[in-house]
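Colleague: The structure follows.
The values are calculated or read from the model by the stated rules, or taken from the named source; none is laboratory data. All of these numbers come straight from a predicted model, not from anything done at the bench. Using ideal geometry, Cβ is built from the backbone for each residue, glycine included, and neighbour counts are taken over all protein chains shown.
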Amino acid sequence: MKILVTGGAGYIGSHTCIELLENGHDIVVVDNFSNSKPEVIDKIKEISGKDFSFYELDLCDKDALEEVFKKEQIEAAIHFAGYKAVGESVKKPLMYYQNNLLSTLVLCELLAKYDCKKLVFSSSATVYGSPDHLPITEDFPLSTTNPYGTTKLMIEQILKDLHISDPTWDIVILRYFNPIGAHESGFIGESPNNIPNNLMPYIVKVANKELPELGIFGDDYETKDGTGVRDYIHVCDLAHGHLLALNKLNDHAIHYYNLGTGNGYSVLDLVETFKRVNNIDVPYTIKDRRPGDIAACYADPSKAQKELGFVAERTLDDMCKSAWNFILKNK
Ligand code: NAD
Ligand code: UDP
C-alpha cells in the first residue's frame, strides 16, 4: 500500500516509516521540521535501504499538500503531525488548536477528494483524563486537562462525525501510552531540541551530563513507591502497532485501540533500570508534584491484542538500553 506519513521525520513517525518500509509498503513522507531535523529522512533511508518521496511542507497549507496528492497515488494516511508539548499548549493554546486541528481538517478533506478515505490517527492516553480505576479500556469516559489533550479529543470527535457522515471511511484511532526508547541501530531516537518535558529524554540528558539532575515530581502518590506510574512502551513496538492497524482499514468502521504494554512502572523503576542496564549514574531530587499529573496510568491492551494481534515484546531493560545507545551512537 502507498501510505502518506505525516510528521514522518518525528520521533514515532520515523520509527514507523522504517517498520512500513521493511514490511513492503511504499511511503510518502511530509513534514515541516517544526520539531524534527532533515537528516532523519536520510537515516530512515539508510536504515531501511529503501528510497521514498519526501516533501517539506506545512500540512495546514492545503495547496501544497494537494500537489502531493496530485503527484502520488496515495492509498491511506498515517497522521502523526502535530504539536505535543502539554506545558506549551497551556501557554499557547491557539497555536495548538490551529496546528493540530487545521492540519487534520486539511488532510481529511484531501483524503476524501482523492478518494483514499483510509486514516490511522495518533491519539493519546491523555484523552482518558484522570481515570477512576485501572487498567484503562477503550470504553472508559473521555476528558482532558490541557489544550494539547483537548486537540486530541476534538480530533477524535471530528473523525467520529466524519465517519457518521460518510461510512465508507476506514479509520483507526490509536491511543498511545508512554513511548520511549530508540531504534536498535542507534541512528534514530528521541531528541527534543529544548529542555525535555518527558521523563526518559530528561533522564538521558542527566546521564549525559547535559543537565545536572532529574527532578522527580512527587513521591507521595498512592503508588508502590510514591512516584508516578506509567505504561512505558518501546517506540519500535508502537511502530509495529501501526503496521498491524493498517489491516483494520478494510471494514468501513472506526476503531479505537490502546497501544501500551499493560505494565505500570514508577518513575523510580525507570530511573533504577536505566542506571542498572547502562551502568551510569542519574542523580535526582524529589520535587513537588507537577500540576495536572495523575498518580497512575496503564493500559488494558487486550483489545489491540485480540483484534490487531498486537503484543508489545520489548522490556523496560530494552527501552532503557536503546535510549542510551542512541545517545552513545550520536555523541
Ligand atoms: P514529534 O514532534 O517527534 O513528531 C511530530 C512531527 O510532526 C514532527 O516531525 C514535526 O516537525 C511534524 N509537524 C508538526 N506539525 C506539522 C505541520 N503542520 N505540518 C507538517 N509537519 C508537522 O512527535 P511524536 O512523539 O513523534 O508524536 C507523533 C504523534 O503522536 C503526535 O501527534 C503526538 O501528539 C502523538 N503522541 C505522542 C506521544 C509521545 O509521548 N511521544 C504520546 C501520545 C501521542
Ligand atoms: N516525571 C518526573 N520528572 C520529569 C518528567 C516526568 O518525575 O522531569 C514524571 C511525571 O510526573 C510522570 C512520569 O514521570 O509521573 C511520566 O511523565 P512524562 O511527562 O514522561 O509522561 P506523561 O506525564 O505524559 O505520562
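Colleague: Taking Val204 as meeting all but one of (1) out of contact with any Gly (no Cβ under 7 Å at 6 or more places or on another chain); (2) among the aliphatic types (A, V, I, L, M); (3) more than 16 Å from ligand 1 (Cβ to nearest atom), write down the number of the exception.
Modeller: With respect to (1) out of contact with any Gly (no Cβ under 7 Å at 6 or more places or on another chain); (2) among the aliphatic types (A, V, I, L, M); (3) more than 16 Å from ligand 1 (Cβ to nearest atom), Val204 is out only on (3).
Colleague: Moving to a separate point now. Quick one: which helices (runs of 4 or more DSSP H) sit completely within the range 6-125 and have at least 2 residues that are more than 22 Å from Leu259 (Cβ to Cβ)? Show your work before the answer.
Modeller: Numbers: elements: 11-22, 39-48, 62-71, 86-91, 93-96, 102-113.
Correct list: 39-48, 62-71, 86-91, 93-96, 102-113.
Colleague: If you don't mind, another one. Please pick out the residue among Tyr128, Tyr96, Tyr148 that is more than 25 Å from Ser14 (Cα to Cα) and crowded, with 20+ Cβ neighbours inside 10 Å. Please lay out each step first, then the result.
Modeller: Values: Tyr96 fails: more than 25 Å from Ser14 (Cα to Cα); Tyr148 fails: more than 25 Å from Ser14 (Cα to Cα).
Selected residue: Tyr128, the only one of Tyr128, Tyr96, Tyr148 that is more than 25 Å from Ser14 (Cα to Cα) and crowded, with 20+ Cβ neighbours inside 10 Å.
Colleague: I would also like to ask the following. Considering the range 217-231 alone, what residues qualify as being surrounded by 19 or more Cβ atoms within 10 Å (Cβ to Cβ) and either within 16 Å of ligand 1 (Cβ to nearest atom) or assigned to a strand (DSSP E or B) (or both)?
Modeller: Gly228, Val229, Arg230, Asp231
Colleague: Sticking with this structure for a sec: Given the conditions (1) more than 10 Å from ligand 1 (Cβ to nearest atom); (2) part of a helix (DSSP H, G or I), which single one is not true for Gly149?
Modeller: Result: Gly149 fails condition (1) only.
Colleague: Could I ask something else about it? Give the number of residues within the range 238-281 that are surrounded by fewer than 19 Cβ atoms within 10 Å (Cβ to Cβ), hydrophobic (A, V, I, L, M, F, W, C) and outside any helix (DSSP H, G or I).
Modeller: 2
Colleague: Let me ask something else about it. The conditions are (1) within 10 Å of ligand 2 (Cβ to nearest atom); (2) more than 23 Å from the chain's Cα centre (by Cα), and Val229 fails exactly one of them. Which is it?
Modeller: (2)
Colleague: Test Ser185 against the stated conditions and say whether it is modelled with pLDDT of 95 or more, in a loop (DSSP other than H, G, I, E, B) and surrounded by fewer than 23 Cβ atoms within 10 Å (Cβ to Cβ).
Modeller: On the way: modelled with pLDDT of 95 or more: yes; in a loop (DSSP other than H, G, I, E, B): yes; surrounded by fewer than 23 Cβ atoms within 10 Å (Cβ to Cβ): yes.
Here the answer is yes, as Ser185 does meet what is asked.
Colleague: Residue check, Ser36 against (1) touching a Gly at 6+ places or on another chain (Cβ under 8 Å); (2) within 16 Å of ligand 2 (Cβ to nearest atom); (3) more than 24 Å from Leu244 (Cα to Cα), all met but one. Which one?
Modeller: All conditions pass for Ser36, except number (2).
Colleague: If you don't mind, there's one more thing I want to ask. Which one of these is polar (S, T, N, Q) and within 20 Å of Ser191 (Cβ to Cβ): Ser89, Ser103, Ser14, Ser53?
Modeller: Details: Ser89 fails: within 20 Å of Ser191 (Cβ to Cβ); Ser103 fails: within 20 Å of Ser191 (Cβ to Cβ); Ser53 fails: within 20 Å of Ser191 (Cβ to Cβ).
Every option except Ser14 fails the conditions.
Colleague: Can you name the number of the only condition in (1) surrounded by fewer than 21 Cβ atoms within 10 Å (Cβ to Cβ); (2) of a type in the set (Val, Ile, Thr); (3) part of a strand (DSSP E or B) that Ile171 fails?
Modeller: (1)
Colleague: Another question about this same structure. May I ask you to list the residues in the range 7-28 that are away from ligand 1 (no atom under 16 Å from the Cβ) and charged (D, E, K, R)? First the steps, then the outcome.
Modeller: Of all residues in the range 7-28, those away from ligand 1 (no atom under 16 Å from the Cβ) come to 21-26.
Within the range 7-28, Glu22, Asp26 qualify.
Colleague: Residue check: is Asp161 more than 19 Å from Ala9 (Cα to Cα), among the acidic types (Asp, Glu), assigned to a loop (DSSP other than H, G, I, E, B) and at pLDDT 95 or above? Before the answer, list the steps.
Modeller: On the way: more than 19 Å from Ala9 (Cα to Cα): yes; among the acidic types (Asp, Glu): yes; assigned to a loop (DSSP other than H, G, I, E, B): no; at pLDDT 95 or above: yes.
Answer is no for this residue.
Colleague: Does Tyr284 count as touching a Leu at 6+ places or on another chain (Cβ under 8 Å), of a type in the set (Phe, Trp, Tyr) and surrounded by fewer than 19 Cβ atoms within 10 Å (Cβ to Cβ)? Let's see the steps before the verdict.
Modeller: Working: touching a Leu at 6+ places or on another chain (Cβ under 8 Å): yes; of a type in the set (Phe, Trp, Tyr): yes; surrounded by fewer than 19 Cβ atoms within 10 Å (Cβ to Cβ): yes.
Considered against the rule, which asks whether it is touching a Leu at 6+ places or on another chain (Cβ under 8 Å), of a type in the set (Phe, Trp, Tyr) and surrounded by fewer than 19 Cβ atoms within 10 Å (Cβ to Cβ), Tyr284 comes out as yes.
Colleague: From (1) more than 15 Å from Gly292 (Cβ to Cβ); (2) small (Gly, Ala, Ser); (3) within 16 Å of ligand 2 (Cβ to nearest atom), pick out the condition that doesn't hold for Gly149.
Modeller: Failing condition for Gly149: (1).
Colleague: Hey, can you tell me all the residues within the range 126-141 that are part of a loop (DSSP other than H, G, I, E, B) and in contact with a Gly (Cβ under 7 Å, 6 or more places away or on another chain)? Lay out the reasoning, then the answer.
Modeller: In the first step, residues of the range 126-141 are kept if they are part of a loop (DSSP other than H, G, I, E, B); the result is 129-135, 137-141.
Selection gives Pro135 alone.
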